[in-house]
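Heads up: the structure comes next, in structure tokens.
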Amino acid sequence: MNLLPVVVQTPVYSQLGGPLTYLGEHFLAAGTLVRVPLGKRELLGVIWDQQHGQTVDSSACQISCDKLRPIAGELGGIAPLTRAWRELVTFAATYYQRSLGEVALAALPPQLRELGTVQLARRIKRYAKPAGPGLSNPSAVADALELTAEQQAAVSQFDLAQGPFLLFGATGSGKTEVYLHLVQKLLGSDASAQALVMVPEINLTPQLESRFGARFNPLFGDHAVVSLHSGMTPAQRLKSWLAAHSGAARIVLGTRMSIFASFPALKLIIVDEEHDPSYKSQEGARYSARDLAVYRGRLEGAKVMLGSATPSLESWHHSRPLIEGGRYVRLQMPSRIGANASLPLVRRVDMRHQPNKCVISPPLLDAMVQRVARGEQSLVFLNRRGYAPVLHCANCDWKSECPHCSAYRVFHKIDRTLRCHHCGFTERVPRACPACGNPDIAPLGRGTERLEEHLAALLAGVRRPHSVSEQWPEGEPVRILRIDADSTRLKGELESQLARVHSGEVDVLVGTQMIAKGHDFRRITLVAAINPDGALFSSDFRASERLFALLMQAAGRAGRDAEIGASSEMWLQTFHPTHPMFEALKRHDYPAFAEAELGQRRQAAMPPFSFQALVRAEARTQEVAQGFLSAASSSVSTMPDAQQLRQVITIYPAVPMSVQRVANVERAQMLIESSSRTALQNFLSAWQANLHAIRQKPEGRGLLRWAIDVDPLTI
Ligand code: ADP
Ligand code: ZN
Ligand code: ZN
């Protein structure tokens, strides 16, 4: 009999963090997938590495072997997960303070856990086919574009150094083309090499998927490119996962979860739009897929390239010159592709000098009308969906609060509902004020639905001169389309709506940040941010970084076609036109913005000059949630090296979260800070036991859950 360490999904609170020991008739290599009994259930497990000093034969069995249970069986047909994969999982579990079992099993496709042995065996047989033969000399057939000088320079630098790399390239500078080039070169030169290309959001993948498919399927076979994201069905996910795991897929295009995919020969990891917050998981293990990409690159011996027009300040800081301590190689592509392509002219409308309460200022409207006259498109964005964020009674001051959350329900006019965007609670809009009966309840503020309606009214009299017909002697009316989470709820809607924009069936596109990112729109020559001021004075120190990135991204949607790009403009309606951020934006000067922002962060000892973790707690009352956190904070004094700890670790008082109640659950958080990442890590690992213990004590009574968020993005 062999003793087998097996990692299974154990509940987080059980503290059964490490592998469990099972008996096996045969030795099984680490990484092998097995089924094991746990209590009355049978679970999927992964054979883990033998701990130091642990023996594998029963003659040296120290603990009573008769209490151990044998494994139920091995999952046939699936090669063991690699050492690099296991090390990645171990690192992620340790760094993000979760159990090994949770991280390991969450990293595997759900169907591996759910399907019975027979069903699974059938799928595996069907999916895990080896790759069809690629072309014998793929580089010969390459129909890739000829790289520009800037692209060429970036590629040469990439070839010469080990990385990790930060590709700092303007929107439309051809970053994607560089990714394609690097992938092609790698795959063409190494018949088994695989590449992982990560993108932030599902809604950006269709276009990219087709671009990768079009380029690589002819070269490396129809199944060379697979996608991996949470929008796929469990069966599709299993299929993609197996394709990557078996090596049949050469390229995986995926969202953050794909960082845990299994590859036998991963040689290149690309993280597109690396600054995007969606790379940070907000549930379970709060991992950063971008940061794990850099770590995984080292484990696998894969090169890593992060790319962005507005890098995260962390990555920007890491890519400072080597002599200043930089660790990433910065590659720069400042120019847009195209002979006379330029970035759009940024125009600030001083809203203090515009008609009172106007939503679209007269000069902006005028500029949009000009676009219509020229047959060009405009994009107007507002980061708030629904018709209005609040419904209000002027008579008694009633507002559409959510009964379950400390937030207002949003008025959606289309289906006449009040919807809470936090808990989902939805009701029909009342005919009259529920408090006083006043029938005149009115929307306050504005979301994309209302903006769409407003634009339709403003542009009602405008005609499209290029569409003159007998029926429309002066041309057809302006076509407005709204794209946001509401308009794209149904599967396929987003693709079809984007297709309408691309094919020119839309003149004015209205939407949330969903449309401001990533899309390669060709005919948009005007982008307008209606009300970007909100984030300027936020209490979240990352708000300005996010706003700057969003506005730069949005500006990047304009003028992507050099032929009409010369007249492209980005409009900002603001009450603070001279704000330094807008000044930097006007010059498209990310480095200046980053330098100013990093200067402030350094002075205030904020990340990346310090390291943070948040502990969040949820309970029926704030008192319980905060009580748990406070007890956890006090418990530091019982730790062996309490005094030294207090010198390197700062624990702030527990406070309610900004939306403190969601679905009748009160939420509180506590910030922990240190100037040393290692000190913070060591502290959290040791301190975690206290949190588990406090939960069992009176202070923990009534606590629903708690979690640690390392390197939190929102505070
Ligand atoms: P980014 O990812 O930086 O926004 P893309 O790679 O999408 O930029 O490139 C912008 C546009 O320029 C795309 O339509 C792309 O096809 C085109 N393009 C990129 N590189 C070249 C090149 N070397 N020659 C001609 N066109 C290019
Ligand atoms: Zn009222
Ligand atoms: Zn709610």
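Selection of region 393-433 for residues being within 15 Å of ligand 2 (Cβ to nearest atom) and surrounded by fewer than 19 Cβ atoms within 10 Å (Cβ to Cβ) yields 394, 395, 396, 397, 398, 399, 401, 429, 430, 431, 432.
Filter region 82-121 down to residues that are buried (at least 19 other Cβ atoms within 10 Å of the Cβ), of a type in the set (Val, Ile, Thr) and not in a loop (DSSP other than H, G, I, E, B), then give me how many there are. Residues that pass the stated criteria total 2. If you go through region 295-322 and pick out every residue that is more than 26 Å from residue 94 (Cα to Cα) and outside any loop (DSSP other than H, G, I, E, B), you end up with 3. Residue pairs whose Cβ atoms lie under 6 Å apart, sitting 6 or more positions apart in sequence or on different chains, and linking a residue in region 387-407 that is under 12 Å from residue 422 (Cβ atoms) and among the hydrophobic types (A, V, I, L, M, F, W, C) to a partner that is part of a loop (DSSP other than H, G, I, E, B) and within 13 Å of ligand 3 (Cβ to nearest atom), are 402/409; 402/420; 402/425; 405/420; 405/422; 405/423; 407/422. Residues of region 691-713 that are crowded, with 16+ Cβ neighbours inside 10 Å and in a loop (DSSP other than H, G, I, E, B): 711, 712, 713. Restricting region 434-481 to residues that are under 36 Å from the mean Cα position of the chain (by Cα) and among the β-branched types (Val, Ile, Thr), the residue that is surrounded by the most Cβ atoms within 10 Å (Cβ to Cβ) is 448. Checking each residue in region 9-36 for being closer than 15 Å to residue 113 by Cβ, modelled with pLDDT under 90 and not hydroxyl-bearing (Ser, Thr, Tyr) picks out 9, 11. Given the condition surrounded by fewer than 19 Cβ atoms within 10 Å (Cβ to Cβ) and on the phi > 0 side of the Ramachandran plot, answer yes or no: does some residue in region 176-198 qualify? No, that holds for no residue.
Residues that are of a type outside the set (Gly, Ala, Ser) and touching a Gly at 6+ places or on another chain (Cβ under 7 Å) were ranked within region 334-381; the one that is farthest from ligand 3 (Cβ to nearest atom) is 337.
Checked against the criterion of being under 12 Å from the mean Cα position of the chain (by Cα) and either closer than 21 Å to residue 182 by Cα or buried (at least 22 other Cβ atoms within 10 Å of the Cβ) (or both), the candidates 258, 278 yield just one match: 258.
Reported count of residues in region 583-596, each being buried (at least 20 other Cβ atoms within 10 Å of the Cβ) and in a helix (DSSP H, G or I), is 5. Note on region 347-362: among residues that are among the β-branched types (Val, Ile, Thr) and part of a loop (DSSP other than H, G, I, E, B), the one that is surrounded by the fewest Cβ atoms within 10 Å (Cβ to Cβ) is 359.
The values are calculated or read from the model by the stated rules, or taken from the named source; none is laboratory data. Keep in mind that this is a model prediction, so the values were computed, not measured. Every residue, glycine among them, receives a Cβ derived from its backbone with ideal geometry; neighbour counts consider all protein chains shown.
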